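Right, one structure below, let's go through it.
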Amino acid sequence: MLKIRLSMGGVRKRPVYKIVIADSRYPRDGKFIEKIGSYNPLLPKDKKERIKVEAERVKYWMSKGAQPTLRVSRILGEVQIMPMPKPGNNPQKAVPKKERKKEGEEPKAEAKKEEPKKEEPKVEAKKEEPKKEEPKAEAKKEEPKKEEPKA
């Protein structure tokens, strides 16, 4: 199957991509059939040099059955060669990773909590201990107040 995809070039931390027609079985940076454009992600979005594409060749290869990858279809959508693809639905993307893991584990944790009911009182006992520490802090605050009127 033919794919329209990106082939990576450039040097470390300065990537430059070629937009190529390649067989899907070939490696990403390996053998390709034809180079039809280039993409430089480091340039600002308003510059012409960021995306260079031969529109006629893209249309030709798409008529032959070449399928663009998701990233290439977005690039071609920016250049208005083909319609922009619909944005994906990833509701977990806005949630921090730590909370994602917790949400995934909650059903399992709830099942475990229901079985051993003895663990719950231990949690309550731990909550009481910090309350004992708070009055000590309040007592320390009161002592300096007593010293101030003497001075």
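Applying the criterion of at least 3 residues that are surrounded by 12 or more Cβ atoms within 10 Å (Cβ to Cβ) and of a type in the set (Val, Ile, Thr) to the strands (runs of 3 or more DSSP E) found wholly in the range 1-58 leaves 14-23. Annotation: Ala151 fulfils all but one of (1) small (Gly, Ala, Ser); (2) in contact with a strand residue (DSSP E or B) (Cβ under 9 Å, 6 or more places away or on another chain); (3) modelled with pLDDT under 90; the unmet one is (2).
Every test in (1) assigned by TED's automatic domain parsing to the domain that holds Ala22; (2) out of contact with any Lys or Arg (no Cβ under 7 Å at 6 or more places or on another chain) is passed by Thr69 save one, and that test is (2).
The values are calculated or read from the model by the stated rules, or taken from the named source; none is laboratory data. Keep in mind that this is a model prediction, so the values were computed, not measured. Cβ atoms come from the backbone with ideal geometry, glycine included; neighbour counts cover every protein chain shown.
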